[in-house]
1. Could you check region 108-135 and list, in sequence order, the residues that are part of a strand (DSSP E or B) and more than 14 Å from residue 147 (Cα to Cα)?
2. Identify, please: which residue in region 202-227 is surrounded by 12 or more Cβ atoms within 10 Å (Cβ to Cβ) and not in a helix (DSSP H, G or I) and is, among those, farthest from the chain's Cα centre (by Cα)?
3. Give the residue, chosen from 88, 105, that is out of contact with any Lys or Arg (no Cβ under 6 Å at 6 or more places or on another chain), open to solvent by less than 70 Å² (accessible area, probe 1.4 Å), among the hydroxyl-bearing types (Ser, Thr, Tyr) and not in a loop (DSSP other than H, G, I, E, B).
4. More than 19 Å from residue 246 (Cβ to Cβ) and either within 29 Å of the chain's Cα centre (by Cα) or open to solvent by less than 80 Å² (accessible area, probe 1.4 Å) (or both): is that true of residue 199 in this structure?
5. Residues in region 127-147 that are among the polar types (S, T, N, Q) and open to solvent by less than 50 Å² (accessible area, probe 1.4 Å): how many?
6. Out of curiosity, is residue 82 open to solvent by less than 70 Å² (accessible area, probe 1.4 Å), in contact with a strand residue (DSSP E or B) (Cβ under 6 Å, 6 or more places away or on another chain) and part of a loop (DSSP other than H, G, I, E, B)?
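The values are calculated or read from the model by the stated rules, or taken from the named source; none is laboratory data. Everything numeric here is computed off the predicted structure, so don't read it as measured data. Glycine gets a Cβ as well: all are built from the backbone with ideal geometry, and neighbour counts include every protein chain shown. Just so you know, the surface numbers come from the protein's heavy atoms only, side chains and all, with ligands and any DNA or RNA stripped out. Shrake-Rupley method; radii C 1.70, N 1.55, O 1.52, S 1.80 Å.
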Amino acid sequence: MRFDVITLFPELFAPFLSIGITRRAFESGQVDVQCTNPRDFATGNYRRVDDRPFGGGPGMVMMAQPLELALAHIRSQRTDHAPVVLFSPIGKRLDHAAVQRWSASSGAVLVCGRYEGIDQRFIDTQVHEQISLGDFVLSGGEVPAIALLDAVARLQPGVLSDADSHHLDSFNPSLDGLLDCPHYTRPEEWAGVTVPDVLMSGHHGQIERWRRDQRLKLTAQHRPDLLDVARAAGLLSRQDEAVLQAQG
């Protein structure tokens, strides 16, 4: 798959693509990432990509023309008609289901806005989908783009050391969409706190039940909305409900 990123700051992506376990996806070409700077397609001595907003107000707005030319350049290099994605507060919040969809796709063109925003005419004519990381505002779309690329990369075969690792992530369907349970490692006692006895028992059935109970309790405490989804899908057993009822 190929992700083209339209960004004024391509240098932000270089270390991300070469550091950490997800670099395997980028180095192998499983996830091909190409950055295009719209400033390279701007005109004039100063290669301006922004201007004052019509109607007045603070800040600057990214101009449609450099973005349009950058997108045309990308289209000339791709053999598919990849969807154009803009990171925006009005977009649908990114979740695990969306990440799975993108991880099985042929890629996209990711547009990273800056300043007060992008000329609406470019959005209306070129953008297919808008994505948000949550109810807060960032300085630009680069951080959300990196977040999406990271989430997609770690789902590619061979990227994680343990092929089954991501199946135990929070929100994964393998966990019925629940939050993950607490994890412990050596030493067995640290700062006066010992690892729960059940994890040292070697009894796999009891360990899995403990982990399920912890996932239920943590989800009820921090994301009860996820429990509602699991119930509606018929994913909670009577024993699960008993655990939740006992927790109060």
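1. Scanning region 108-135 gives 108, 109, 114, 118, 129, 130.
2. 203
3. That would be 88, the only listed residue that is out of contact with any Lys or Arg (no Cβ under 6 Å at 6 or more places or on another chain), open to solvent by less than 70 Å² (accessible area, probe 1.4 Å), among the hydroxyl-bearing types (Ser, Thr, Tyr) and not in a loop (DSSP other than H, G, I, E, B).
4. yes
5. Adding up the residues that qualify gives 2.
6. Yes: the conditions hold for residue 82.
To keep it simple, each residue is scored yes or no on (1) among the aliphatic types (A, V, I, L, M); (2) assigned to a loop (DSSP other than H, G, I, E, B).
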{"residue": "137", "(1), (2)": "yes, yes"}
{"residue": "143", "(1), (2)": "yes, no"}
{"residue": "147", "(1), (2)": "yes, no"}
{"residue": "151", "(1), (2)": "yes, no"}
{"residue": "157", "(1), (2)": "no, yes"}
